[in-house]
Amino acid sequence: MLPNQLASKKKFVIGMVHFPACPGFTLYDNSKGIQWILERVKGDLIALQENGVDAVMFCNENDRPYSFQADFATVAVMSRAIGELESLIRVPFGVDVLWDAKAALAIAKATGASFIREVVTGVYASDMGLWNTNVGEVFKYRKLIEANDVAIFFNIMAEFACSLDRRPIEFVAKSVVFSSMADAILVSGPMTGQPPEVETVKKVKEVVKDVPVIVNTGVREDNVQELLSIADGVIVGTGLKRDGITWNPVDPERVRRFMRKVEALR
């Protein structure tokens with residue numbers, strides 16, 4: 001279940017709106033405060049929309065060190081920012097809270113987001129420690145808060161982590177589609193800004209058939225055409241930032257060049 005505006009778009013692009021660190025995290029800048037976060041998020045949203053992306057996704061990317069459970073302040077700040085930007089948002093949008101699917105669903109419900117991106121299946125050895133998930137609880141919570149219209153994009157190759165599942169990734173993808181009703185399957189590289197192997201994307205796409213496959217990390221101007229020749233869509237963050245640095249603002253010129261490549265493929 002993709003948002004209608006994405007489902008009708010051939011080879012769609014979702015641009016990342018990365019939040020600076022929120023209160024409660026090591027990198028939060030108290031001297032700049034919440035208002036600076038809001039202005040930064042607004043600037044990235046406008047730069048992405050005005051230069052042609054098909055959707056955006058809001059994420060607390062700089063709430064480092066990462067945690068499995070969202071902080072109340074993160075949920076509050078993200079909800080406030082998205083709410084204040086509502087009148088400016090002209091494309092479908094999603095929410096990603098690292099690494100808390102219930103928090104993402106709650107924000108999506110409150111703000112009218114169309115989708116979330118999360119790791120909701122599998123067990124991993126990760127930078128954050130042993131990582132276990134519970135997809136059933138996530139779906140029950142979505143039902144509880146009446147957010148069944150919010151699509152869940154399954155990231156089956158968690159960044160900063162190694163799956164303890166020994167099955168080939170294409171078997172995992174096929175199994176997740178059958179057992180967990182994934183709305184889309186995301187294929188990632190080992191960390192933010194690094195792409196997956198092209199062959200991995202091919203294997204996943206071949207087995208999940210009608211379920212959209214989205215490349216989740218490491219998409220850049222120089223590889224987007226190759227990756228989109230296989231995948232149904234891409235999520236791009238670092239590749240659209242000034243100087244290609246994750247923590248920098250979105251670079252409008254990079255977005256324009258990137259989307260020209262995508263339009264040529266379409």
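Could you grab me the full set of residues in segment 180-215 that are under 20 Å from Asn4 (Cα atoms), crowded, with 16+ Cβ neighbours inside 10 Å and not β-branched (Val, Ile, Thr)?
The answer is Ala182, Asp183, Ala184, Leu186, Pro212.
Examine segment 53-69 for a residue that is touching a residue at least 12 places away in the same chain (Cβ under 8 Å), in a loop (DSSP other than H, G, I, E, B), of a type outside the set (A, V, I, L, M) and touching an Asp or Glu at 6+ places or on another chain (Cβ under 6 Å), and state whether such a residue exists.
Yes, segment 53-69 has at least one match.
Of all the residues that make up segment 82-141, how many are under 15 Å from the mean Cα position of the chain (by Cα), in a loop (DSSP other than H, G, I, E, B) and without any contact (Cβ under 8 Å) to a residue 60 or more places away in the chain?
Of the residues in that region, 6 qualify.
Testing Asp149 on (1) surrounded by 17 or more Cβ atoms within 10 Å (Cβ to Cβ); (2) assigned to a loop (DSSP other than H, G, I, E, B), one condition comes back false. Which one is that?
(1)
Is segment 34-45 home to any residue that is assigned to a loop (DSSP other than H, G, I, E, B) and in contact (Cβ under 8 Å) with a residue 60 or more places away in the chain?
No, there is no match, as no residue in segment 34-45 is assigned to a loop (DSSP other than H, G, I, E, B) and in contact (Cβ under 8 Å) with a residue 60 or more places away in the chain.
Checking Ser79 against (1) hydroxyl-bearing (Ser, Thr, Tyr); (2) assigned to a helix (DSSP H, G or I); (3) under 16 Å from the mean Cα position of the chain (by Cα): exactly one of these is not met. Which one?
The failed condition is (3).
Exactly one condition in (1) more than 23 Å from Asp165 (Cβ to Cβ); (2) among the β-branched types (Val, Ile, Thr); (3) touching a helix residue (DSSP H, G or I) at 6+ places or on another chain (Cβ under 6 Å) is not met by Val120; state its number.
It fails just one condition, (1).
Could you list, in sequence order, the residues of segment 225-241 that are under 16 Å from Pro212 (Cα atoms), crowded, with 20+ Cβ neighbours inside 10 Å and either modelled with pLDDT under 95 or not β-branched (Val, Ile, Thr) (or both)?
The answer is Leu227, Leu228, Ala231, Asp232, Gly233.
Tell me which residues, restricted to segment 189-217, are under 27 Å from Ser8 (Cβ atoms) and at pLDDT below 95.
Within segment 189-217, Lys209, Asp210 meet the criteria.
Out of segment 30-75, which residues are surrounded by fewer than 20 Cβ atoms within 10 Å (Cβ to Cβ), among the aromatic types (Phe, Trp, Tyr) and in contact with a strand residue (DSSP E or B) (Cβ under 9 Å, 6 or more places away or on another chain)?
Tyr66, Phe68
Those residues that are of a type in the set (A, V, I, L, M, F, W, C), within 24 Å of Lys42 (Cα to Cα), outside any helix (DSSP H, G or I) and touching a strand residue (DSSP E or B) at 6+ places or on another chain (Cβ under 9 Å), I need them from segment 1-25; list them, please.
If the condition is that a residue be of a type in the set (A, V, I, L, M, F, W, C), within 24 Å of Lys42 (Cα to Cα), outside any helix (DSSP H, G or I) and touching a strand residue (DSSP E or B) at 6+ places or on another chain (Cβ under 9 Å), then Phe12, Val13, Ile14, Met16, Val17, Phe19 are the ones that fit.
Take Asp44 and decide whether it is farther than 14 Å from Gly237 by Cα and not small (Gly, Ala, Ser).
no
Is it true that some residue in segment 49-64 is under 23 Å from Gln35 (Cα atoms), out of contact with any helix residue (DSSP H, G or I) (no Cβ under 7 Å at 6 or more places or on another chain) and of a type in the set (Phe, Trp, Tyr)?
no
The values are calculated or read from the model by the stated rules, or taken from the named source; none is laboratory data. All values reported here derive from a predicted model rather than from experimental measurement. We place every Cβ from the backbone using ideal geometry, glycine too, and count neighbours over all the protein chains shown.
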